[in-house]
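The values are calculated or read from the model by the stated rules, or taken from the named source; none is laboratory data. Given the structure is predicted, the values throughout are model-derived calculations rather than measurements. When we count neighbours, we look across all protein chains shown, and the Cβ atoms used for this are built from the backbone with ideal geometry, even at glycine. Calculation scope for accessible area: heavy atoms of the full protein, side chains included, ligands and nucleic acids excluded. Shrake-Rupley method; radii C 1.70, N 1.55, O 1.52, S 1.80 Å.
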Amino acid sequence: MHSIKVSIVDDHPMLIRGLQSMLADIPFVEVVGAYLSGKALFRDMQQNYPDVLLMDIQMPEQGGEELVRELHKAYPDLVILAFTNIEHPYYIKSMIKYGVMGYVLKSSGEEVLLDAIQTVYKKEYYFDPIINRQARDVLKPSSYKGPQNPLLTEREKEVLQLIAADYSSQDIATKLYISKNTVDFHRKNLLLKLDVKKSTSLVKRAIELGLIF
Amino acid sequence: MKIKSKFLSKHIYAAIAVFILWASCTVASGQERNMSIGRLHKAEDQVLALIRQGLQVNKYAPDSAISLYRSALSESRRLGYSRGMAYALINLGSCLYNYKEQYQESKAAFTECLPYCYLGAADDRSLFPQIFNNLGLLHFTEGYYDSAIHWYHKAIMSINKDNIKDTGLLLSVYANMASALIAAGQVDQALYYVQQYNKTPVAWKDSAAQAQKYYSTGVIYYRKKNIDSATYYWGLSADLYKGLNNWSRVQMNYTALGTMHSLEGDQQKAKLYFDSAIAASPSTARQNLHLQQGLGSIYINSGHYQLAIRYYKRSLVIAGQQGKRNEQIYAYWALAESYAKTGHNDLAYLYQRKHSQLLDTIRDKEIATIISRTEAQFRTKEISKELKQQKLLLHIKESQLREKNLWIGGIVLCGGLLVLLLINFYRNRQKLQKEKMAFIERNMEVRRLRSIMEAEEEERKRIARDLHDGVGVLLSAAIMNYATLGRKTGTVPLAGTETYQEGLDILQEMRKEIRTIAHNLVPELAYHRDLVKAIEVLISRMKQDGNVKIELHLYGQATILEPKQNDAVYRMIEELVHNVIKHAEATQLVIQLMFHDDRLNVIVSDNGKGFDTSAVSYGMGLQNLHNRTEKLLGHLSIVSHKGKGTTVELEVPYEEANRAREKVEAEREPDQKE
């Protein structure tokens with residue numbers, strides 16, 4: 001059977017050694033590289049291109065998020081498996097977003113890791129059972145539509161009236177003694193609140209909802 | 001019939017519940033006896049040594065302490081050593097009361113103790129008020145308020161007569177007296193004792209005494225039907241206890257708040273308070289009689305009889321364990337009601353009968369108490385014998401007696417009240433002013449405590465991180481090596497052996513444990529993970545504290561913020577909400593979160609009194625907000641006009657967007673140089 005070539009990038013030398021000796025006994029895995037930083041990984045990438053890259057998220061020089069982004073740019077086909085201690089939904093989400101195929105906790109033991117390596121190698125997603133539910137929640141985030149009749153602040157109503165009267169952002173800013181940035185702040189919020197894409201539809205929707213007359 | 005109708009009023013029951021809360025927290029202290037040895041023989045010296053040993057382990061091993069006191073007791077009895085009897089009995093009684101909640105036995109010990117005090121320890125005058133106070137407390141616990149008041153009177157008199165300088169004891173007696181008077185329905189007299197309590201100089205730093213005083217003030221206001229003031233003082237008390245890390249007392253305050261709101265008909269608010277009460281000290285919640293009763297009360301009032309039954313049954317068990325009869329009667333009554341409502345007529349009947357039976361026994365004792373008090377001065381001992389014969393007669397005379405008592409009480413009360421009211425009218429005004437000043441100073445103290453707490457929180461986070469990321473990773477590495485070892489070792493594979501497996505299990509258990517410890521150290525991180533949920537929690541907490549209506553509106557697709565950013569945004573919103581509640585005098589507060597693709601916009605607006613943004617020199621809070629915004633690379637604007645409310649707009653670009661932008665800028669810079 002063809003063995004899966006695995007590389008490791010992690011800033012803990014001790015953990016790398018542990019992983020190496022553990023994986024050395026597994027017949028279907030071959031460790032082809034181990035690196036203490038993203039830079040070292042990049043230097044060796046051409047010579048030792050792995051099937052699966054095990055990657056820590058928290059590393060001092062270059063964090064996992066950034067590294068995944070760069071790797072993905074340079075090697076779009078590379079299979080990356082996040083191997084970390086962090087189980088914050090934000091990281092789970094951002095790592096998935098930037099293209100990791102799996103997410104495994106360091107505390108989860110041999111079986112999980114081996115299972116993960118084999119699964120992502122087949123280009124299928126794998127999530128540690130401990131974070132599986134979180135990961136699924138993260139993948140389909142809740143969307144807030146807001147109330148039927150969105151609540152507008154006084155300022156938003158003023159801005160909306162002036163947009164309806166076809167004033168530009170700059171004009172509105174001058175008229176209300178506020179900065180153009182503030183006008184844009186309100187304009188964006190209005191778009192979101194009324195659930196429309198363009199300022200022109202904004203007016204139509206506001207009239208429909210009876211927010212302006 | 002009159003008495004019965006009094007007991008059937010559920011308001012009276014629950015009101016009693018609130019006050020016993022207070023009393024049960026004032027424990028009978030029988031700790032440091034002045035056990036002068038004097039001209040003692042060796043055997044007697046040994047008795048005192050036994051008691052001293054008991055005192056040392058009292059708190060940690062009450063059972064051993066009790067057996068030590070009991071040996072001291074039997075030894076003293078053998079020697080005919082009255083002093084030893086007195087000390088052994090008072091300590092035994094205190095220990096039974098404080099640590100074992102065995103009130104009957106405790107009372108027996110104190111009662112037996114009294115004659116020995118006169119006989120053998122008359123020189124230790126401080127012993128007497130302690131015993132009187134303890135006896136009062138025990139009568140109170142059993143629901144005999146008249147007797148309790150009688151004993152407290154004796155305690156105060158004896159403190160004054162012998163000029164005993166024990167402020168702690170005096171305060172405790174005042175507090176107990178006030179709660180007994182309140183329970184007996186004499187609010188104004190109780191007020192007098194609270195004022196005595198306030199007048200007694202206490203070391204300023206003693207915030208526990210302060211907290212208890214706030215609690216009692218809350219009780220008084222509640223009895224005066226001043227819900228807002230009661231809420232205010234109980235809130236103050238809870239806050240102080242939080243600062244002292246005394247969570248069972250925090251629970252006590254929240255329970256009182258919950259009970260009050262439940263009685264006022266606001267079951268939802270009550271539920272929130274009870275939830276907070278449970279959260280304050282989950283470990284004691286199940287044994288907290290009044291909390292269980294309160295939960296029963298909200299469910300019975302909102303028509304959830306099944307749930308109500310569950311909680312009342314629990315309260316019945318606790319009341320039984322603690323020998324609190326009034327609480328038992330209340331539970332029987334509530335259970336009968338609930339079962340009747342759910343159609344279980346047989347059970348309803350059963351509890352109704354238990355209720356009447358217990359009520360009858362208490363009623364008999366009540367009559368006895370009334371009689372014994374009127375004639376106590378003349379012949380206390382004979383009375384009880386006669387009583388048994390007169391019982392029949394008494395049933396007939398019962399109503400007349402009560403009437404007569406009422407008249408006497410009324411006249412005395414009116415006279416006393418008139419004088420008291422006149423004296424206190426002016427005093428009260430000054431008091432209020434002082435109270436205000438004290439409150440400001442307390443506020444400073446709270447602020448100081450808060451900064452300490454924040455520092456502690458940081459420290460906790462750091463330890464959690466070190467554990468989780470440092471030790472945790474090392475352990476992971478160790479486990480990997482260990483797993484390898486199991487396969488590798490030459491001729492005998494270790495993996496199958498028991499020792500190996502045990503070692504591995506221990507390592508894995510350790511890793512799990514470390515993860516749990518780290519998470520326990522920063523539980524708030526768990527809910528701060530999700531900004532929206534964290535804000536929802538904040539809102540439900542804030543709703544308990546004030547009359548502000550708070551709404552949360554969400555727009556767009558929820559984005560999970562980077563942890564630090566998430567935390568900062570949460571803290572800012574928290575600060576804003578606190579500010580509105582504390583200063584704005586608003587009735588409405590709206591928090592809007594708008595999740596855009598690249599940024600989060602937050603608008604917090606209220607309809608309060610507003611302020612002049614140009615005139616305000618930046619207070620700590622506002623400065624904080626600006627600092628945080630700067631760190632987030634965000635934008636903050638505050639729009640406010642006098643009388644027109646305040647709107648705060650906050651714009652925060654997502655962290656990832658920031659990082660991407662920084663990167664682009666960093667890449668662009670070298671190009672420009674070239």
Do you know which residues across region A:61-83 are buried (at least 21 other Cβ atoms within 10 Å of the Cβ) and among the small types (Gly, Ala, Ser)?
-> A:Gly64, A:Ala82
From the residues in region A:87-108 that are open to solvent by 10 Å² or more (accessible area, probe 1.4 Å) and in a loop (DSSP other than H, G, I, E, B), which one is farthest from the other protein chains (Cβ to nearest Cβ)?
-> A:Met101
Scanning region B:476-506 for residues that are surrounded by fewer than 16 Cβ atoms within 10 Å (Cβ to Cβ), among the hydrophobic types (A, V, I, L, M, F, W, C) and at pLDDT 85 or above gives B:Ile506
If you take the residues in region B:546-562 that are surrounded by 16 or more Cβ atoms within 10 Å (Cβ to Cβ) and under 29 Å from the mean Cα position of the chain (by Cα), which one is farthest from B:Tyr654 (Cα to Cα)?
-> B:Gly546
Kindly indicate the residue of region B:592-606 that is more than 8 Å from chain A (Cβ to nearest Cβ) and under 9 Å from B:Thr646 (Cβ atoms) and also surrounded by the fewest Cβ atoms within 10 Å (Cβ to Cβ) among those meeting that condition.
-> B:Val604
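If I go through region B:530-569 residue by residue, how many of them are of a type in the set (Asp, Glu) and at the interface with chain A (Cβ under 10 Å from one of its Cβ atoms)? Even if it seems obvious, please write down each step before you answer.
Step one: list which residues in region B:530-569 are of a type in the set (Asp, Glu), which gives B:530, B:536, B:545, B:551, B:562, B:567.
Right, trim to at the interface with chain A (Cβ under 10 Å from one of its Cβ atoms) and you get B:530, B:551, B:562.
Within region B:530-569, residues that are of a type in the set (Asp, Glu) and at the interface with chain A (Cβ under 10 Å from one of its Cβ atoms) number 3.
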Residues within region A:8-43 that are assigned to a helix (DSSP H, G or I) and under 16 Å from A:Leu113 (Cα atoms), tallied | 10
Could you say whether any residue in region A:77-85 is away from every other protein chain (no Cβ under 14 Å), in a loop (DSSP other than H, G, I, E, B) and out of contact with any Lys or Arg (no Cβ under 7 Å at 6 or more places or on another chain)?
-> yes
Would you mention how many residues in region B:80-91 are open to solvent by 10 Å² or more (accessible area, probe 1.4 Å) and in contact with a helix residue (DSSP H, G or I) (Cβ under 6 Å, 6 or more places away or on another chain)?
-> 3
Expected output for region B:420-434 (first residue under 15 Å from B:Gln196 (Cα atoms), partner part of a helix (DSSP H, G or I), Cβ below 6 Å, 6+ apart or cross-chain) is B:Leu420/B:Tyr192
Residue by residue through region B:120-160, note down the ones that are small (Gly, Ala, Ser) and not in a loop (DSSP other than H, G, I, E, B).
-> B:Gly120, B:Gly136, B:Ser147, B:Ala148, B:Ala155, B:Ser158
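Taking helices (runs of 4 or more DSSP H) that fall entirely within region B:1-119, which contain at least 2 residues that are within 29 Å of B:Ser248 (Cβ to Cβ) and at pLDDT 85 or above?
Per the criteria, B:42-57, B:62-79, B:82-95.
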Take region B:104-146 and flag every residue that is under 26 Å from the mean Cα position of the chain (by Cα) and either open to solvent by 50 Å² or more (accessible area, probe 1.4 Å) or acidic (Asp, Glu) (or both).
-> B:Gln104, B:Glu142
Looking at (1) surrounded by fewer than 17 Cβ atoms within 10 Å (Cβ to Cβ); (2) assigned to a loop (DSSP other than H, G, I, E, B); (3) at pLDDT 90 or above, which is the only condition A:Gln58 fails?
-> (3)
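So if I check each of B:Ile440, B:Ile423, B:Ile452, which one is within 23 Å of B:Asn520 (Cβ to Cβ) and either at pLDDT below 75 or open to solvent by less than 90 Å² (accessible area, probe 1.4 Å) (or both)?
Numbers: B:Ile440 fails: within 23 Å of B:Asn520 (Cβ to Cβ); B:Ile423 fails: within 23 Å of B:Asn520 (Cβ to Cβ).
Among B:Ile440, B:Ile423, B:Ile452, only B:Ile452 is within 23 Å of B:Asn520 (Cβ to Cβ) and either at pLDDT below 75 or open to solvent by less than 90 Å² (accessible area, probe 1.4 Å) (or both).
Please verify whether region B:168-179 includes one or more residues that are small (Gly, Ala, Ser), out of contact with any Phe, Trp or Tyr (no Cβ under 7 Å at 6 or more places or on another chain), more than 28 Å from B:Ile298 (Cα to Cα) and crowded, with 20+ Cβ neighbours inside 10 Å. Spell out how you get there, then give the answer.
In the first step, residues of region B:168-179 are kept if they are small (Gly, Ala, Ser); the result is B:168, B:172, B:175, B:178-179.
Right, trim to out of contact with any Phe, Trp or Tyr (no Cβ under 7 Å at 6 or more places or on another chain) and you get B:168, B:172.
Add one more test, that the residue is more than 28 Å from B:Ile298 (Cα to Cα), and what stays is B:168, B:172.
Of the ones still in play, those that are also crowded, with 20+ Cβ neighbours inside 10 Å are B:172.
Within region B:168-179, one or more residues are small (Gly, Ala, Ser), out of contact with any Phe, Trp or Tyr (no Cβ under 7 Å at 6 or more places or on another chain), more than 28 Å from B:Ile298 (Cα to Cα) and crowded, with 20+ Cβ neighbours inside 10 Å.
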Pairing a residue in region A:9-34 that is buried (at least 16 other Cβ atoms within 10 Å of the Cβ) with any residue that is among the acidic types (Asp, Glu), where Cβ atoms lie under 7 Å and the two sit 6 or more apart in sequence or on different chains, gives A:Val9/A:Asp56; A:Asp10/A:Asp56; A:Asp11/A:Asp56; A:Ile16/A:Asp10; A:Met22/A:Glu110; A:Gly33/A:Asp44
Could you please give the count of residues in region B:233-265 that are open to solvent by 50 Å² or more (accessible area, probe 1.4 Å) and either in a helix (DSSP H, G or I) or acidic (Asp, Glu) (or both)?
-> 6
Among the helices (runs of 4 or more DSSP H) lying completely within region A:153-213, list those that include at least 3 residues that are within 12 Å of chain B (Cβ to nearest Cβ).
-> A:154-164, A:180-193
